[in-house]
Amino acid sequence: MESLPPMFKAASLTTEYLLQGSIMEQSRDVLLQRLIGLCDDTKSPPDNFHDHEMVFHMKNTTIQQPLVYRVRHSLVQSDCWSLRYLGNTEMGDKNKPTLTRTSIDCPVSENVVQYLNELGFRMDHEFVVKGYYFHKGRMKVTVSKFFKMNQPSNVADNLEAVCPSFLVELSVVTALGQEGVGEDMKNFAEQLKPLVQLEKTDHRKITMNQT
Amino acid sequence: KSKMATGAIPAAPAVNVCVEAVLESQIQEVRVVEKQEAQDGQEIQEIYAPPLSMSENLTKLAQKIDFYKDESGEKGKPTSEGEKEREEEKSVAAFQPSLWPWDSVRNKLKTAYTEMSVLLDVLNIAKEKRYMVLDSVQQSSPDAKLPLQLMSKKKALNSASAILLAGAERLKKSQAENSNKSDFHFELLKLRQNWRLKKSGNTILGDLSYRSVGSRYPHNSTFEVVKSTDLVGESGETTPTSTPRGSLEVIIPSELEGTAYIQVEVKSVPESLDLTGAILKMPSGLGAVHTYWQQKLEVAQNVLFCKEIFAQLAREAVQSKSSVPHLVVGNQIITNIFPGIQLSIVLCHSTGKEKDRKIPMSPGKLDHNHVLEHSLHQLLREVHNKNLRFPAPHPVTAMVGVSKKRRLAGPNALSRRELVEMTESDTMLNQIIKQTKHNVLRLRTLQTIDAFATSLNDPQLTTHWSCANNSLEASCRVFITSQGYDLRIWHSFVLMIGVDSIKIAHKDGRIFNLSFEEKELQDFILWQIAQHQTSVSQNLARMMGWQIMSMCAALGVSDLEDTGIASSLLLASPDHDRVLAVKSGPSSGVKVFVQSSQKDTNGKTQTLSADNKWQYIGADFKEVDLSKFEGKNFASKLELLMATLSRSVS
């Protein structure tokens, strides 16, 4: 029997390294031009994506924090659905240039919502994301805008932007313990420096402000 | 001290008068104190105020002066009267008492202060230039002394012009310096517009490679930019062929010097895999050494590209597990495509430093297949692209770098075989071999058909090649027609030429798969020609009213043909007294036989029975010599024959 092709033996990609920043609406074009210049294989206008994400919670009487699963599907290629689990973001110490969190992503078929409902998950909230996508090597850069859905499960009409600014995210999903990823990301973020400040933001502060 | 006058009111006696000096100081206090001499006596002591100091004295005196005595008000006389009275009044008024010793001084100071404030306000307003402006007072101009003025003006102009001329001189000199040779920095700017440069330490380094577009070739490709050391003294006349010289030079790595190209050659060798044929080819002179940096860099980049192509091909050739072995010798890769056809890919790199060439190469010997060379370049660019070009993931959180099919492999439950198929991709060497094979096959087919078309004139071959083709597929349609009868009956088939096989779709729907051998195609064409002749005969027979008694597309009797199979036709004339047999085979050609009948013998032979109907059975067939017939081709000859035979005897 022939040996398995190498792709079946790859390490599981469970860690996401993340840097986030934000720009105002009027600076979007300048940032996009800079990214077109810096990233690989770009075209003008850049690739854009349009996704709809639903966040499911499973509440447990014993544990306070609910289990959160995210179902995201593309509104451009409507047969691509994915199920994602994101752990808590860790700031790490001062040496670490990026945020890290566990990220397990799995492509699924279209009946995942029904499946999760059967398991006992309940949808907590949903939103629509629209934006532009770039990549450089294995780094992914997205410039996205979030929309609130005023009517549940209606992704086309009645969308209202949550806020007029764009979220800029630089992320790498790779196996645990990879060296040098943070450095590469930091160097790339330096090149975007005057236009957008990509830094590690403490998510705990955001969640604390919400509660 | 004063002594009081002790005398009471005197009646008669004399009064004592005390004379004493005028008291200079005033009496401040009178006390009764004990007398110092007597025991019970008391004395009145007077304490005088301390004598006034100078300033106090002055104050006292100044107090007495009245500065602003209104004399006219005092006396009541009008002021227009004489000055004498004024003086009197002044002297009288001088002693007017005032309220406070310094009052007049204060008033004077106050007025002085008021005047100063006014002056300050005036100056402020004048400074603002809005309500008041200070203007110079026209002064009477002094008498102009014309000669003196002229002299002074002339001197001033001279000095000014001297300064201007000196400046212009300097500018001209620097301009002249710069126009002779172009500035290093200007050239550097132009270089930066075309190439990636980086400053490390004191040196400026650049990158020649294709790494930014996806190449992963680990070859040294940094070049260094330096100032040109030789002066441009001999610029002189620049001939049109000479390259422009700059003040900037680039130093490229030694392995990339010179020029290179990939030469692809397809040739037929009598024996398979001739090892002695693998000579190290040295190309002929490839052009002068370039001085201008742009050409130098471009040529070096081309060298790098060709080296990468060859390295990739050589690596694949060594690692391939195909049945046909590939031979890699020095700068040449040789492989057999078809038996007897060899493909050789050579990396020709001349560094331009060879003084004498040991192997003299005549220019005509280099046989380039430019199409395949271009394909090699395209293939490498394709490899680069695949390294870099990832489709965008939808949704955007999916894995970067995988295609949509791979991402949906899980949900769609693709089998292992399908997954393995997705990962397989053809190597560059395989791709170029496939292209070469198709190229060779197509050319051979073309030559075969053209050979038939030019040599045959009885049925005529026409070919139409399709313009929708690619490097691995081509197709053409072949028509077989007889001249003069081409609108009545024709045969056609479509040839679809693949990488190493040909598929033929016949007009009647049959599909034939041929291999790459030339002979198979030739046999097929001959067979089709034979079939065509039979069809023509059939068509003619119908047209002329002859009865087709039997038609056999594949004749099982008679001599075996060399290739293919013969077909036959049996025709009966309209008045049923003549029978023709037509047999056409690929190698035997077309033969017509006519059955002998009673009419030929003119009734000389005796028959056993008198009935007419017995005349038509069992007679021999005799071959007709078609070469003695009039007619351009077989069809017209057959028509003539049939016309002759069907002449009915009235």
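Between A:Ser153, A:Ser82, which is at the interface with another protein chain (Cβ under 10 Å from one of its Cβ atoms) and either of a type in the set (Ser, Thr, Tyr) or over 17 Å from the mean Cα position of the chain (by Cα) (or both)?
After ruling out the rest, the residue left standing is A:Ser82.
What's the number of the only condition in (1) over 60 Å from the mean Cα position of the chain (by Cα); (2) assigned to a helix (DSSP H, G or I) that B:Asp559 fails to meet?
(2)
Restricting to the range B:389-419, count the residues that are facing another protein chain (nearest Cβ under 7 Å), assigned to a helix (DSSP H, G or I) and loosely packed, with under 15 Cβ neighbours inside 10 Å.
The number of residues fulfilling the criteria is 0.
Out of curiosity, is B:Met543 in a strand (DSSP E or B) and out of contact with any Ser or Thr (no Cβ under 9 Å at 6 or more places or on another chain)?
no
How about the range B:430-486: which of its residues are over 27 Å from B:Ser322 (Cβ atoms), in contact (Cβ under 8 Å) with a residue 40 or more places away in the chain and either surrounded by fewer than 19 Cβ atoms within 10 Å (Cβ to Cβ) or aromatic (Phe, Trp, Tyr) (or both)?
Once the filter is applied, which keeps residues that are over 27 Å from B:Ser322 (Cβ atoms), in contact (Cβ under 8 Å) with a residue 40 or more places away in the chain and either surrounded by fewer than 19 Cβ atoms within 10 Å (Cβ to Cβ) or aromatic (Phe, Trp, Tyr) (or both), the range B:430-486 yields B:Thr448, B:Phe452, B:Leu456, B:Asn457, B:Asp458, B:Gln483, B:Gly484, B:Tyr485.
Consider B:Leu171 against the criteria (1) farther than 30 Å from B:Leu248 by Cβ; (2) part of a helix (DSSP H, G or I): it satisfies all of them except one. Which criterion is unmet?
All conditions pass for B:Leu171, except number (1).
Based on this model, can you work out whether B:Gln139 counts as without any contact (Cβ under 8 Å) to a residue 60 or more places away in the chain, farther than 30 Å from B:Tyr292 by Cβ, in a loop (DSSP other than H, G, I, E, B) and of a type outside the set (Val, Ile, Thr)?
Taking the combined requirement at face value, the residue satisfies it.
In the set A:Ser74, A:Ser44, which member is more than 19 Å from A:Leu167 (Cα to Cα) and either within 9 Å of chain B (Cβ to nearest Cβ) or of a type outside the set (Val, Ile, Thr) (or both)?
None of the other options fit; the residue is A:Ser44.
When only residues in the range A:85-111 that are in contact with a Phe, Trp or Tyr (Cβ under 8 Å, 6 or more places away or on another chain) and polar (S, T, N, Q) count, which is nearest to the other protein chains (Cβ to nearest Cβ)?
Looking at the filtered set, the residue picked out is A:Ser109.
Pairs needed: first member in the range A:118-139, within 11 Å of another protein chain (Cβ to nearest Cβ); second member anywhere, of a type in the set (Gly, Ala, Ser); C-beta distance under 7 Å; at least 6 residues apart or different chains.
Cβ pairs passing all conditions: A:Val129/A:Ser144; A:Lys130/A:Ser144; A:Gly131/A:Ser144; A:Tyr133/B:Ala392.
Any idea how many residues of the range A:118-155 are modelled with pLDDT of 90 or more and out of contact with any strand residue (DSSP E or B) (no Cβ under 8 Å at 6 or more places or on another chain)?
Qualifying residue count, the range A:118-155: 1.
Can you give me the number of residues within the range A:47-71 that are within 14 Å of chain B (Cβ to nearest Cβ) and free of Cβ contacts under 8 Å to residues at least 24 places away in the same chain?
The qualifying residues number 1.
Identify the residue in the range B:420-440 that is among the hydrophobic types (A, V, I, L, M, F, W, C) and either in contact with a strand residue (DSSP E or B) (Cβ under 9 Å, 6 or more places away or on another chain) or more than 12 Å from every other protein chain (Cβ to nearest Cβ) (or both) and, among all such residues, is farthest from B:Gln319 (Cα to Cα).
Per the stated criteria, the residue is B:Val440.
Residue by residue, here is whether (1) more than 14 Å from chain A (Cβ to nearest Cβ); (2) modelled with pLDDT of 90 or more; (3) touching a Gly at 6+ places or on another chain (Cβ under 9 Å) holds:
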residue: B:Asn387; (1), (2), (3): no, no, yes
residue: B:Leu446; (1), (2), (3): yes, yes, no
residue: B:Thr463; (1), (2), (3): yes, yes, no
residue: B:Ala468; (1), (2), (3): yes, yes, no
residue: B:Glu473; (1), (2), (3): yes, yes, yes
residue: B:Thr481; (1), (2), (3): yes, yes, no
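The values are calculated or read from the model by the stated rules, or taken from the named source; none is laboratory data. Bear in mind that the values here come from a model prediction, so they are computed numbers and not experimental data. Every residue, glycine among them, receives a Cβ derived from its backbone with ideal geometry; neighbour counts consider all protein chains shown.
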